[in-house]
Amino acid sequence: MKNKGNPALRQQVAERAYHVCEYCLIHVDDVFWGFETDHVISRKHDGPTTLDNLAWTCACCNRNKGTDVGTLVGNPSRLTRLFHPRRDAWAEHFVLQQVEIEGLSDIGVGTSNLLKLNEDARLKERVGLQLVGRYPTIEALARMKE
């Protein structure tokens, strides 16, 4: 969800994330639709509008995530929570293979599937950015190591 009511809080969220999406690692300078502050635990589930509950996300990731806090993974299916950028380390749940974001855990697989991180259009976008040296950016590499 966009947080237009508090520009200072929005700026804090963006700076903490080094201006890259905390899910797909694309930089804000490289997208057309802009970025949003996402309630990791949505307001629908009583998540507060606080720095600890906000993530910096591209519009694609935020739209696909919606108000979800979990998803089904595996066979048989089991309910798994989504990646939480404040509590989880990106590299524990994902690995970047060229431009594909591979889930390393149920949390990573479920988040990758729900957010459609590897659908064709998103992969093509990252390939194009990679060709011009914009994916992953230095900021994205730093986020991956936190």
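Please treat every number below as a calculation from the coordinates, not as lab data. If you're wondering where the values come from, they're calculated on a predicted model, not measured in any experiment. For neighbour counting, all protein chains shown are included, and Cβ atoms are generated from backbone atoms with ideal geometry for every residue, glycine included.
Odds and ends about this structure:
- Relative contact order (%) - the chain, alpha-carbon pairs under 8 angstrom, separation at least six: 23
- Given 10 as the ceiling on other Cβ atoms within 10 Å, longest exposed-site-free region of the chain for trypsin sites (Lys or Arg not before Pro) in DSSP loops: 5-86
- In the chain, lysine pairs closer than 16 Å at Cα, eight or more apart or cross-chain: 5
- Take the Cα of residue 45, go 7 Å toward its beta carbon, and the backbone nitrogen atoms of the stretch 67-92 under 19 Å from that spot belong to 67-74, 77-90.
- DSSP loop chymotrypsin sites (Phe, Trp or Tyr not before Pro) with at most 13 other Cβ within 10 Å excluded, longest remaining stretch of the chain: 34-146
- Mean shadow area of the stretch 75-146 over all directions, Cα convex hull, nm²: 5.2
- Shape category assigned to the stretch 76-118 from the gyration tensor of Cα positions, a/c cut at 1.5: oblate
- Proximal charge balance of residue 20 [Cβ under 12 Å; K/R count +1, D/E count -1]: -3
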